[in-house]
1. Of the numbered conditions (1) closer than 18 Å to Ser131 by Cα; (2) among the aliphatic types (A, V, I, L, M); (3) at pLDDT 90 or above, Ala64 fails exactly one; give the number of that condition.
2. Quick one: in segment 99-137, of everything that is part of a loop (DSSP other than H, G, I, E, B) and more than 20 Å from Asp42 (Cβ to Cβ), which residue is modelled with the lowest pLDDT?
3. Restricting attention to segment 1-46, report how many residues are farther than 30 Å from Val137 by Cβ, at pLDDT 80 or above and among the aliphatic types (A, V, I, L, M).
4. Can you name the residue in segment 111-129 that is out of contact with any Phe, Trp or Tyr (no Cβ under 8 Å at 6 or more places or on another chain) and among the hydrophobic types (A, V, I, L, M, F, W, C) and is also nearest to Glu83 (Cα to Cα) among such residues?
Amino acid sequence: MFEKIRKMKNKKGFTLVELIVVLVILAILAALLIPALTGYIDKANKEKVVAECRMVVMAAQTEASEAYGKLTSKSATSSTDAEKLAAQMTTDIEDLKKLAEVDGTFKVTVAGDATIKEVVYSHSGFNCTYSDGAYNVVKQDDKVTAVEGYTVVKAS
């Protein structure tokens, strides 16, 4: 009988108190790390939306230049105006979606001389606005959404 008690004392293992202490320490570490990790996730999503917005801007500029070229190549004296450019680009909107290769929604504002004035791109809960060469990202709320399509304004 005494031998059984000695064998039980020699067994190695963790007590319940030790296991609880380890779990409490892990819970504290998790509580500290989760907010830091969500900050990194938001920052990464913002950078992703800016990159996708740049892709839309470049694709829109390509499509606007192509549409402008189609309209002005008919004769040496022909010119283009905002309405004609808008009509041409609206017919080519599927080409823009394919060229940009993005999943979000966007609205492109183009001047009559085929320069991109503004792009509003929405994806992953963020809105990215391109205007005057600068990108501005804001967290999307329920009131702010981008509508797909073009708006063409007169050349300045």
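1. (3)
2. Across segment 99-137, the extreme among qualifying residues is Gly112.
3. Counting residues in segment 1-46 that are farther than 30 Å from Val137 by Cβ, at pLDDT 80 or above and among the aliphatic types (A, V, I, L, M) gives 13.
4. The extreme case among them is Ala111.
The values are calculated or read from the model by the stated rules, or taken from the named source; none is laboratory data. What you are looking at is a predicted structure, and each value in this text was computed from that prediction instead of being measured. Here the Cβ is made from the backbone with ideal geometry for all residues, glycine too, and neighbour counts use every protein chain on show.
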